[in-house]
Amino acid sequence: MRKISYRDALREALREEMRRDQSVFLLGEDIGRYWGGAFKVTDGLAEEFGDERVRDTPISESAIIGTAVGAAITGMRPVAEIMFGDLTALAMDQIANQAAKIRYMFGGQAKCPVVIRTPFGAGVNIASHHSQSLEAWFMHVPGLYVAAPSTPYDAKGLLKTAIRGENPVFFCEHKLLYPVQDSVPEDEYLIPFGVADVKREGSDVTVVATSFMVHKALKAAELLDKDGIDAEVIDPRTLTPLDRKTLVGSVKKTGRIVIVTEDCKSGGVSAEIAATISEEALDFLDAPIRRVTAPDTPIPFSPPLEQFIIPSEQSIVQAVKEVV
Amino acid sequence: MLQEVPKELLAEMLHKMFEIRFFEEKVFDLYGQNLVPGTIHLYAGEEAVAVGVCTALRKDDFITSTHRGHGHCIAKGADLKRVMAEILGKKTGYCKGKGGSMHIADFHVGMLGATAVVGAGLPIAVGAGLSAVLRGTDQVVACFFGEGASNQGTFHESLNLASAWSLPVVFVCENNLYAMGTRQSRIMRIVDIADRAGGYGMPGAVVDGNDVLAVYATARKAVARARKREGPILIECKTYRHKGHSRVDPAKYRVKEEVQEWLEKDPIKRLMDMNASYNVLSNDEIEKIETAAMAEVEKAVKFAIESPYPAPEEALEDVYG
């Protein structure tokens, strides 16, 4: 099978959906023909679909999302890009109070099929305003779906599902994933929300990892394998809805769980997963739940500082060894 | 100006204004009887704005609304019964009791909903305007907001974007002088919000917001312009709310003389006075209009009171589709 990058997989999803459905259009800062998106995800799309459907906006995050919301409730399927996930704070009212609540507070009269794409994540030394992982903010807003694919295959299939859906979707990309290459079939496929993917089967310990941490967890699993520890690595793929059943099922099999996420620990993605296991699989645990996350700090700039706070393969290996 | 308006249209506008006024008086009474949960923000006194603007719109045009939105709903053609039922938290309300006074919507008449976050409706109106353009229709959006909202960042972002993209949005600022209890002069150096339009390269107009014919005339031109895809406009309507900000507010921050002055400029009284000069509608006709409006409101109250509450577990529905 051909291999393409995560970035190209996202672009293919956008292109295919725009060809399929005239109501799909894109808006965001510098996503058009002059730049092609800060991370080049939309590169070339304005050339194919025109400036009307690939719209460069002013630096106005509230208006980007609000405009997408207004278009969505009147029959369009906008895909908005926020250049960095940190900047979603500027549009938080439109995301959390408008997009997410319109269906509910209007008694189901309206739907708001907006997709908001944004890159999260540290690792390229761009400090506190361009490096956070804020998925948990959006998990705390009923009415939103939250996707966080880790592979090109998942990225394409989930983005297509997001665009065709009837709900607002917060679509988290990790900036270190954009160049990652992997197999993606040429034939069309969709990936349903709420279905976790077992990235590596194993019997000794369940490692639940999200976004870029999936790749670190898989590398850690290889290292553990050399020490005779067989880790199962699961990627929830969507955080809302969360495939609790698959996570719980795996823990019932292995009796141990280590959760790896890049966001900070308190109130984070890992906390929700840990709580789920405590509620639904406590009796099956042979060791305490362990979490490997960033500490509760902003993201620092200098390389040794940044590397210190991001979970590493070694920190995952160590956490697993503590529970096995 | 009165003689330029067809008689039927005049009757219709008067009817709508009566409906809103009587409706708000009933809401006030029902609140006193503990039949309205939460809070209410009454539109009484500002009827000419919603009615003047919505009369200039087609049914398939859109509006966005605010926490003070009952009047917008009624003016755009929503069913009084379902508006009242929503305010009472009933299952038969437009939002099945999930929205209440601050979140009424009727998508069938293009009423895209009231948002209770001040200024949040502006970018949504811009999006509805963009949608009309992308779908190739000639629909227009009227976006209602107060002078208080004009100090939000969304005002700046939305007017700039609508202007940059030449979108069919008529921004209607209902300047009732007070952002909750804060008088405009305490927080702004300008008197006319419409002055800000120039900063976005769009026209701005100041209108007597208690003169429904003046509002209608200005809105009609703005809507026609937007329909021709000639761009957005900011219309500022100077008006005044008869009651406090919300039901619990006695509005002690407003001096008696000021309130009296504005009560004399009451928009319904104004229209009746203008009519009297030209005698377009006879006293009999006016009485009939008034009685019919009151009957509609009475029916709405009866319907709302007799309607059932939603089942508690309905709270779990409509989160996702």
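Once the Cβ-Cβ distance of B:Glu306 and B:Thr39 is raised to the sixth power relative to R0 = 22 Å, the FRET efficiency obtained is 0.40. Label-to-label distance for B:Lys228 and B:Ala295 is 4.2 nm, based on points extended 7 Å past Cα in the beta-carbon direction. Model label points for A:Glu16 and A:Asp30, set 7 angstrom from Cα along the Cα-to-Cβ axis, are 2.9 nm apart.
With 0.36 nm allotted per residue and the present C-alpha distance subtracted, the B:Thr137-B:Glu264 stretch has 41.5 nm of extension available. Amide H contacts of A:Val260: A:Val208, A:Ala209, A:Thr210, A:Val292, each under 5 Å away and 5 or more positions distant or on a separate chain (H built 1.01 Å from N in the peptide plane; Pro and chain starts excluded). Loop-located chymotrypsin sites (Phe, Trp or Tyr not before Pro) across segment A:1-36 with a Cβ neighbour count of 13 or fewer within 10 Å are A:Tyr34, with loop assigned by DSSP.
Pairs exceeding 25 Å between alpha-carbon atoms, taken from B:Lys76/B:Lys302; B:Lys98/B:Lys238; A:Lys199/A:Lys252; A:Lys111/B:Lys26: B:Lys98/B:Lys238; A:Lys111/B:Lys26. Taking amide H as placed 1.01 Å from N in the peptide plane, A:Val114 has its amide H under 5 Å from the amide H of A:Val169, each at least 5 places away in sequence or on another chain. Charge tally around B:Leu167: other residues with Cβ under 14 Å, Lys/Arg +1 each, Asp/Glu -1 each, net +1.
In this calculation the C-beta distance from A:Val198 to B:Val117 is compared with R0 = 30 Å, giving a FRET efficiency of 0.10. The trypsin sites (Lys or Arg not before Pro) of segment B:142-195 meeting both criteria, a DSSP state outside H, G, I, E and B (loop) and at most 12 other C-beta atoms within 10 angstrom of the site's C-beta, are B:Arg189. Dividing the C-alpha radius of gyration of segment A:32-173 by 2.2 N^0.38 Å, with N its residue count, gives 1.01.
Cβ crowding within 10 Å ranks B:His72, A:His129, B:His67, B:His103 as A:His129, B:His67, B:His103, B:His72, fewest other Cβ atoms first. Across segment A:36-41, computed HN-Hα scalar couplings (Karplus, 6.51 cos²θ - 1.76 cosθ + 1.60, θ = phi - 60°) run x, x, 4, 10, 6, 5 Hz from first to last residue, x flagging Gly and Pro. Taking a Cβ cut-off of under 14 Å around B:Glu285, the surrounding Lys, Arg, Asp and Glu residues balance to a net charge of -3, with basic ones at +1 and acidic ones at -1.
The slack in the chain from A:His129 to A:Leu223, taken as 0.36 nm per residue of separation less the alpha-carbon distance, amounts to 30.5 nm.
Rounded to the nearest 500, the 222 nm mean residue ellipticity of chain A from helices alone is -10000 deg cm²/dmol, with -39,500 (n - 2.57) taken per DSSP H run of at least 4 residues. Residues A:Phe106, A:Phe284 in ascending order of nearby Cβ atoms (within 10 Å, fewest first): A:Phe284, A:Phe106. Taking a ≥ b ≥ c as the square roots of the Cα gyration tensor eigenvalues, segment B:2-308 comes out rounded, since a/c falls below 1.5. Taking segment A:193-230 and a reference point 7 angstrom along Cα→Cβ of A:Lys321, the backbone N atoms nearer than 20 Å belong to A:203-208, A:216-230.
Rounded to 0.05, the FRET efficiency of the B:Lys288 and B:Glu257 pair, given R0 = 25 Å and the Cβ-Cβ distance, is 0.10.
No lab work stands behind these numbers, since they all come straight from the coordinates. Not measured: the values here are computed from a predicted model. Methodologically, a virtual Cβ is constructed for each residue, glycine included, from the backbone with ideal geometry; neighbour enumeration extends over all protein chains shown.
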